[in-house]
Structures are given as structure tokens and as C-alpha cells.
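**Student:** I have a structure I would like to understand better, so I am pasting it below and will then ask my questions one at a time.
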Amino acid sequence: MDYALIVFANTHSAISAQKILGEKLSVIIMPTLREISKSCGISVRVNPDDWQRASQLLLESGMSHDMYRIYSVTSMDGAHAVALLEGAPV
């Protein structure tokens, strides 16, 4: 896994998550990858070792687990292989 990507149901959740996670972890805001079709279009990228901590911080903040999913992302020959790590598939 190159990084973990947290995708959100809406833009408000994505912006809130950036603030919550940015206080404790290194995060990057980026567009959601084409390989992940269901989301608001804004995602939060975290280091691969931080995805479980990121999920814990979001839950502790009161964000509903229904509002986000976490994917592993591996770059391969210009494309991205994604796999769901946490959250309900859509």
C-alpha cells in the first residue's frame, strides 16, 4: 500500500475530517480517484500506517462511520489499485 485514502459522503464531512485529522496526523486533501466512484469528490490522504488511527480519531470526534470509507491505494503502471479497508461498500 502506498497510502490510505479516506472518502466521504459529502463535502462538509471531508472538510471536518481534514481539520480533525490535521491536528494529529500528516494529511493531504486531494480529489477522489476515478477508481472510487461513490463519494463527494474530495478525499483525505494519510500515511499507510495511520489509517486505523485516522478512523479512531474520526469516530472519537462523533463523525458517523456511515459518512466515510477508507481504501488502500497502490500505484501500478500509472493506474491505481484500490481495496476497501474499512466501511460499507457501495
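The values are calculated or read from the model by the stated rules, or taken from the named source; none is laboratory data. In this text the structure is predicted, and so the values were computed from the model without any measurement. For neighbour counting, all protein chains shown are included, and Cβ atoms are generated from backbone atoms with ideal geometry for every residue, glycine included.
**Student:** Could you grab me the full set of residues in the range 47-90 that are surrounded by 15 or more Cβ atoms within 10 Å (Cβ to Cβ), farther than 20 Å from ALA9 by Cβ and among the charged types (D, E, K, R)?
**Tutor:** ASP50
**Student:** Working carefully through the options THR74, THR11, find the one that is modelled with pLDDT of 95 or more and not aliphatic (A, V, I, L, M). Give the derivation first.
**Tutor:** Values: THR11 fails: modelled with pLDDT of 95 or more.
None of the other options fit; the residue is THR74.
**Student:** Then there's this: Can you pull out the residues in the range 1-46 that are within 22 Å of GLY78 (Cβ to Cβ), surrounded by 14 or more Cβ atoms within 10 Å (Cβ to Cβ) and not β-branched (Val, Ile, Thr)?
**Tutor:** MET1, ASP2, TYR3, ALA4, LEU5, LEU33, SER39, SER43, ARG45
**Student:** Would you please name the residue that is farthest from ALA17 (Cα to Cα), looking only at residues in the range 29-50 that are part of a loop (DSSP other than H, G, I, E, B) and among the β-branched types (Val, Ile, Thr)?
**Tutor:** In this case the residue turns out to be ILE36.
**Student:** Please work out which residue is farthest from the chain's Cα centre (by Cα), limiting yourself to the range 63-83 and to residues that are not small (Gly, Ala, Ser) and not in a strand (DSSP E or B).
**Tutor:** Going through the qualifying residues, I end up with ASP77.
**Student:** Quick test of your reading of the structure: MET1 fulfils all but one of (1) at pLDDT 95 or above; (2) of a type outside the set (Ser, Thr, Tyr); (3) outside any strand (DSSP E or B). Name the failing condition by number.
**Tutor:** Answer for MET1: the failing condition is (1).
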